[in-house]
Each structure stands twice: as structure tokens, then as C-alpha cells.
Number of protein chains: 2
Amino acid sequence: MPRTVAERADVIPVLAEIFREHGFEGASLAIIGERTGLGKGSLYHFFPGGKEEMATVVLAEIGAWFEANIYRPLRETAEPRTAVGAMFRSVSAYFYSGRRICLVGSFALDNVRDRFADQIRSYFTAWKASLTDALRRIGHNEPEARDLAEEAVLGIQGALVLARALGDPLVFERAMQRMEQRLIA
Amino acid sequence: MPRTVAERADVIPVLAEIFREHGFEGASLAIIGERTGLGKGSLYHFFPGGKEEMATVVLAEIGAWFEANIYRPLRETAEPRTAVGAMFRSVSAYFYSGRRICLVGSFALDNVRDRFADQIRSYFTAWKASLTDALRRIGHNEPEARDLAEEAVLGIQGALVLARALGDPLVFERAMQRMEQRLIA
DNA sequence: GTCTATATGGAGATAGAC
DNA sequence: GTCTATCTCCATATAGAC
């Protein structure tokens, strides 16, 4: 008999976490079944396209979350200096101060990069663009704003790599501090 | 009959490139056999420990290369300003201006991170330490040197992630320029 | 040292009962 | 919607001839 009646939406955050921890190929259906509490039947009922569809949906949800919580505020908040500070706080919370990796960044380095190339590119393009916009409004000129935005976006990814490699979240926190200083000063 | 008589040392750079392109799990023995021109028999003759041993050996060779070509020059070159400039040129060449990813960084984000944790940590620890040393000798005070070194090491990793995600090597080249400026100025 | 053949396991995915 | 049983494929690894 059925364990419980699940909703597809409830499963997505769990999938995201599994992909972060195990990568795309490492996230076996066995693990996914265990963590979601769903059998293969239910999984394929929700995601007829299998793992590939699961990852696509997860990436879409991540993109939507960043759009709502990071990119839009950067573009639309009246006080851009505040918005940039808020971005660093949101990012720090989102990545658990460097204890959690960026799924999009890890996919970019992974074997699966080509399969999800469009979603990966959009994520970073939108981030760069919205941050550039805020920096422009803070008072930086156009090329300077673009440079600083690129540096910050890449710095966040690098901080996640290094913090994970060294097993030291402080690496991430220090990088956030430095970048915020540089952008807002 | 045997195809050719190979040496283990010749195989290692090929393995490194395969792991970079496909990741650890994605690098199947089929691919490895194809690219090295070796059958499974030869592969297991050279690496009785299988793929895990292959990756360990590859990481060791990468570590040795960086020690000889990056870390030692940073520590020992009489003119540290020159050494830092040389580091950026070597790194840029090594990563093909951002077209090639860092195997160690990609492993750090991957499912296999725990299996190779020691080698991953050493790679970044040694890089940070040797760069800090050079910056110290350039004239930065201790905490400043440490901060700048950490920022540069992490910036290189982030630049590789973003360049790959956007399919744009210029992202990498710009990041190298900015960092060199900041470190040497 | 290299090859081919094979063992064995686990992967993703499907079928159909309930 | 959920389950179990099953299919097929390809993974790593081994054995033993040459």
C-alpha cells in the first residue's frame, strides 16, 4: 500500500540537496528513493524524464529563487548600496557560510555541463547583469561596474571551492567581507 | 598480440586530461582504454588499484608539477615581484587561458571529494602558503599577505568556474589581470 | 605487458498490479 | 500515486592465455 501521498513540489528541495551532495551521476535512484521516501514508481510518475528532468526542474527552481531573492532586489531596490549588502547576506545564508556548495557551479565543472549548459549560463549571466546594474546605480562607471560584478560573482564561486577544499567555512566568510567592502566602498 | 609497449609514466598525463574532461565517475574504463590505447589488462597491470589509484597518481603528479613550477619559485626566487608575475603567466598557460579546468578544484566539489581529501587540501594549502611568502617579501604585512594570497587562489578557481559556465575564456584572462595588479601594486 | 573473455554488481528505466 | 518485479545495459574488476 502507498506510504503517503506526496506532492511533486515537496520533492524538489530534497532533490536539490541530494544533487549538491552527490553530484548528478552520484545521485543514484536508490539514494533518491531513500531520501525522498518515494519508490521508483512515484519518482517516474512525477518526473517521466527521469534524472535528467529532475535536474532540469531543480535548476529551474534555483534560478527562480535567485531571480526573486537576489537579482530582482539588485535591480529594483531604491537604495542600491543596501541591495548589494543584502545580496551578500542572502548568499551567505543560502550557502550556509560556505558549508554548502553551489549546484550550478558544480555542474559547470562536471561531466554533465553540456546537458545543462543553457541553465548554467543563464544563472551566471543574470547574476552578473543585475549586480552590474546595482553597481552602476551606486556610482561606478559602466566598465568598472562590469568588472566589479564579474569579480564578485566569480569570487563567490571560488570561495565555495576553496572553503570546501580546505574544510574551512571561514575562508568563505572572509571572502564575502572583502568583496562587500570593495563593492560598496 | 600487444599493440605497443607502454610505460606507466606516459599514461599519466592522458589520464589527467580524461579526468578533467569527464570527472572521476564519468571517466569510464572504456574511455580510458580508448584514449590511452591500452586494454584493461595493461591498465590493471599499471594500476592494480584501479581507477582510484589512477586518480591518486594523477593528483600526485599535479601536486609535484605545481610544487616545481609554481610554489618553489614563489618561495625561492630572489625577486618576489617577478615570481608573482611568473605565477600568473604559468597558471594562465597551464589552464589554457580558462579553457581547461582545475582537476583539483573540480574534485573538491565532486562526489569523490572525501576519497581524495588529503591531496586536495595539500594542493591549496601549499599554494596559499607559498604565495603568502612571496607577498610577504614584496612588502605586504603578514595578515595583508595572507588575505591577498587567499583571495588570489580562490579567484583563480572562481575564474575557471565562471569561464567554463559562460564558455568565455576572456572571463579568466580578465580575472588574472585584475589579481596581478592588486598583488603587485 | 597485452589481450580477450568473463564475473558480478548496480545503474536507469519500464510494466503492470493495486 | 505508489508499489514490486523485471529488463537491459554498462560499470569495475578479474582470470588466464599469449
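Read the figures in this text as sums done on the coordinates, not as results from a lab. Computed from a predicted model, the values in this text were never measured in an experiment. Using ideal geometry, Cβ is built from the backbone for each residue, glycine included, and neighbour counts are taken over all protein chains shown.
Flag: residue A:58 matches the condition of being more than 8 Å from DNA strand C (Cβ to nearest atom), in contact with a Leu (Cβ under 7 Å, 6 or more places away or on another chain), in contact (Cβ under 8 Å) with a residue 12 or more places away in the chain and of a type outside the set (S, T, N, Q). Residues being within 25 Å of residue B:29 (Cα to Cα), touching a Ser or Thr at 6+ places or on another chain (Cβ under 8 Å) and surrounded by fewer than 22 Cβ atoms within 10 Å (Cβ to Cβ) are entirely absent from the stretch B:87-107.
Restricting attention to the stretch B:47-65, the residues that are surrounded by fewer than 19 Cβ atoms within 10 Å (Cβ to Cβ), within 23 Å of the chain's Cα centre (by Cα) and farther than 25 Å from residue B:126 by Cα add up to 3. Restricting attention to the stretch B:38-53 and to residues that are among the small types (Gly, Ala, Ser) and assigned to a helix (DSSP H, G or I), the residue that is nearest to residue A:26 (Cα to Cα) turns out to be B:50. Any residue at all in the stretch A:71-85 that's outside any helix (DSSP H, G or I) and among the charged types (D, E, K, R)? Yes, there is a match, as at least one residue in the stretch A:71-85 is outside any helix (DSSP H, G or I) and among the charged types (D, E, K, R).
For the stretch A:19-37, check the following and say yes or no: at least one residue is within 13 Å of DNA strand D (Cβ to nearest atom) and not in a helix (DSSP H, G or I). The answer is yes, given that some residue of the stretch A:19-37 is within 13 Å of DNA strand D (Cβ to nearest atom) and not in a helix (DSSP H, G or I).
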